[in-house]
Amino acid sequence: MTVSFADALSTTNDADLLRETERARLRALVSADIVRARQLHAPDFQLITPIGAALSKDEYLGAIASGQIRYLTWEPAEIDVRLYGSGAVIRYRAQLEVIFSGHKVPLHDYWHTDVYERRDGQWMVVWSQATSVR
């Protein structure tokens, strides 16, 4: 299979765009910018938390809006990207500190795996899973 320069450039551009989209999503979550976060999460978004709870978009963003979940720090390391047409999977390790239901969860490392889809020309996160690093 031969890959043209234009295809390789397009793949690089999409990968960089996905990395920046994920960083923008994290900034929105940490700052509790729910308007921006809604734009970056697909309507059918689902998060699987490190303790195995499944949250819909409304449940997750509602918890952030109400202060039940308050991110203090979310610093991603290098973000790896795998592109599959109009879909992509990203994976990265991050340090995260959060207050959950009034209880501070100290700074800790987590692996994050996210599935993105291009919808109406915009990359949106559809599934997200976080795993605690022991």
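Quick note: the coordinates plus some simple rules give every number you see, no bench work behind them. Not measured: the values here are computed from a predicted model. All Cβ positions, glycine included, derive from the backbone under ideal geometry; neighbour counts span all protein chains shown.
Some observations on this one:
- Less than 5 angstrom separates the built amide H of Tyr71 from those of Ile99, all sequence-distant by 5 or more or on a different chain.
- Applying 0.36 nm per residue to the separation of Arg119 and Glu20 and subtracting their alpha-carbon distance, the gain on full extension is 34.0 nm.
- Virtual spin-label span in nm between Lys104 and Val89, 7 Å along Cα→Cβ: 3.7 nm
- Label-reachable residues, segment 85-127, where backbone N falls under 20 Å from a point 7 Å from Ser66's Cα toward its Cβ: 98-105
- Computed 3J(HN,Hα) for segment 72-83, one whole-Hz value per residue from the Karplus formula 6.51 cos²θ - 1.76 cosθ + 1.60 where θ = phi - 60°, is 9, 8, 8, 10, x, 7, 4, 9, 8, 10, 10, 9, glycine and proline marked x.
- For segment 33-42, Karplus couplings with θ = phi - 60° (6.51, -1.76, 1.60), whole Hz, Gly/Pro x: 7, 5, 4, 5, 4, 4, 5, 9, 10, 5
- Karplus (6.51, -1.76, 1.60) ³J(HN,Hα), θ = phi - 60°, over segment 94-99, in Hz, Gly and Pro reported as x: 9, 9, 9, 10, 8, 10
- Amide H partners (placed H, <5 Å) of Gln46, local residues excluded: Trp127, Ser128
- The slack between Trp111 and Thr131, meaning 0.36 nm per residue of separation minus the straight C-alpha distance, is 6.7 nm.
- Summary value for the chain: 22 percent relative contact order, contacts being C-alpha pairs under 8 angstrom separated by 6+ residues.
- The GluC sites (Glu not before Pro) found in segment 77-129 that occupy coil by DSSP, while having at most 13 further C-beta atoms within 10 Å, are Glu78.
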